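Worksheet for the structure shown next.
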Amino acid sequence: MSSHATDAHAEHGEEHESMTKGKIWKVFFILLGITCVEFIIALILVPKGIIPGHIANPLYIVLTLFKAFYIIAYFMHLKFEKTGLIISIVVPVLFIIGLILVLTNESHHWITLRG
Amino acid sequence: MSTAAVSQIDEVKSTPWSGGRSPFNVEYGKMMMWFFLLSDAFTFSSLLIAYGALRFSAYAWPSAALVFQSVPGLIEHGAPLVFVGLMTFILIMSSVTMVLAVEAGHRNARKEVIGWMIATVIGGLMFLGCQALEWNHLHSEGFWWSSIPTSPEKLQEFFAIGVPYAAQAASAHQFANLFFTITGFHGFHVFTGVVINIIITVNVLLGTYEKRGSYLMIEKVGLYWHFVDLVWVFVFTFFYLV
């Protein structure tokens, strides 16, 4: 057996334990549930004035980040990879956070520029 | 120096990072797919952050509940989020069928892989069809790249009462450009994802991965497909909810 084939085989064994059909459907219902919560906020709670818009927006973002975590960790399987790979994918996201901070700050300045 | 014990410098190191094996324990193509997706994430976040910055600094913005309130072909007004909810459901569902194809690939169950891959392709095509309807609807309202509804009365339909016309026209232009660029770029990813999924399905039918002894390729295209779903989650939040 070639070394490549044994590598692939070893990988399979590992992943077999981590993601079963039951878990896949569980993650699906979590994603569906979070989306339904977003719809309830947008269609019922905000129009009725139970939650004001400036509180609903951060809520949407937090719920979106939860969904992103479940997709990346379970569907994309990152949670079960080696720590080195997880770090090399997750740490560069700091650049995105940096750009968010820079441009939100900058956009406040644009308001005064536009007059 | 004693001759019996091996000096520390001569000992063979066996940590994951001392060479001789992959420290990440993933196949080359899969690792490269991860790094490609990371670069793609930068592209999408640049677009979305630019959208955020322009929207923050705008005097007013078209209200999502007023722009997206129709189900093309069925309901003209008063159904905000219904159609996009359907699109989101279709995409999440096709992500699930993709991950089920990966799971079947681990068991080398060829027939199951084929079934789930075909389901994923159908999901992707359904999403693209919905997006075409959505674009067509907005276009019929008068929105397109650098084009907005011509009459002030029509434009007022998309804004809260009391926003001056000049501010409406300025932000409606920005909204139209950003909406069609960002959902267009995402739709282009969905389209390429569907094409890649079809190629891989044909390969499974031809028995390519059966001969190779591993369905790892399903996993690699699966990563791309889930990424498309991931981007949609953000596009959905920032265009339709916020």
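Any read-out appearing in this document is the output of simple, stated calculations on the displayed coordinates, not a laboratory observation. Everything quoted here is computed from the prediction, not taken from an experiment. For neighbour counting, all protein chains shown are included, and Cβ atoms are generated from backbone atoms with ideal geometry for every residue, glycine included.
Of all lysines in the structure, those lying under 28 Å Cα to Cα from B:Lys13, and not within fewer than 8 positions of it along the same chain, are A:Lys79, A:Lys82, B:Lys30.
Working ranking of peptides A:21-29, B:57-65 by packing, defined as the average number of other Cβ atoms within 10 Å per residue, highest first, is B:57-65, A:21-29. Between B:Ala170, B:Ala53, B:Ala41, the residue with the greatest mean-square fluctuation in the GNM of chain B (Cα pairs under 10 Å linked by springs) is B:Ala53. Give me the distance between the Cα centres of the stretch B:224-241 and the stretch B:86-140, rounded to whole Å. Rounded to whole Å, the Cα centres lie 14 Å apart. Counting every other Cβ atom within 10 Å of each residue's Cβ, B:Glu153, B:Glu141 order from fewest to most as B:Glu153, B:Glu141.
Computed per residue of the protein assembly as shown from DSSP H runs no shorter than four, each worth -39500 (n - 2.57), the mean residue ellipticity at 222 nm is -23500 deg cm²/dmol.
Using +1 on the beta carbon of Lys and Arg, -1 on that of Asp and Glu, and nothing else charged, what's the dipole of the protein assembly as shown about the Cα centre, debye to 20? Intermediate results must be reported in sequence, preceding the final value.
Numbers: 19 positive and 22 negative charges, 41 e Å.
Roughly 200 debye, rounded to the nearest 20.
Across peptide B:35-48, the average count of Cβ atoms from other chains found within 10 Å of a residue's Cβ is 3.
Let me make sure I get this right: for chain B, a, b and c are the square roots of the gyration tensor eigenvalues over alpha carbons, sorted descending. Under 1.5 in a/c it's rounded, otherwise prolate if a/b > b/c, else oblate. Which is it? Write down the numbers at each step before the final one.
Values: a/c = 3.91, a/b = 1.85, b/c = 2.12.
Because a/c hits 1.5 or more and a/b fails to exceed b/c, chain B counts as oblate.
If you line up the long axis of helix B:165-206 against the longest principal axis of chain B, both from Cα atoms, how many degrees apart are they, to the nearest 10? Approximately 40 degrees, to the nearest ten.
Sort B:Asp10, B:Asp40, B:Asp229 so the one with the fewest other Cβ atoms within 10 Å of its own Cβ comes first.
Details: B:Asp10 7, B:Asp40 16, B:Asp229 26.
With the fewest neighbours first, B:Asp10, B:Asp40, B:Asp229 line up as B:Asp10, B:Asp40, B:Asp229.
How high is the relative contact order of chain B? Use alpha-carbon pairs under 8 Å, at least six apart in sequence, and give a whole percent.
Values: 221 pairs, mean separation 66.1, N = 242.
Worked out over chain B, it gives 27 percent.
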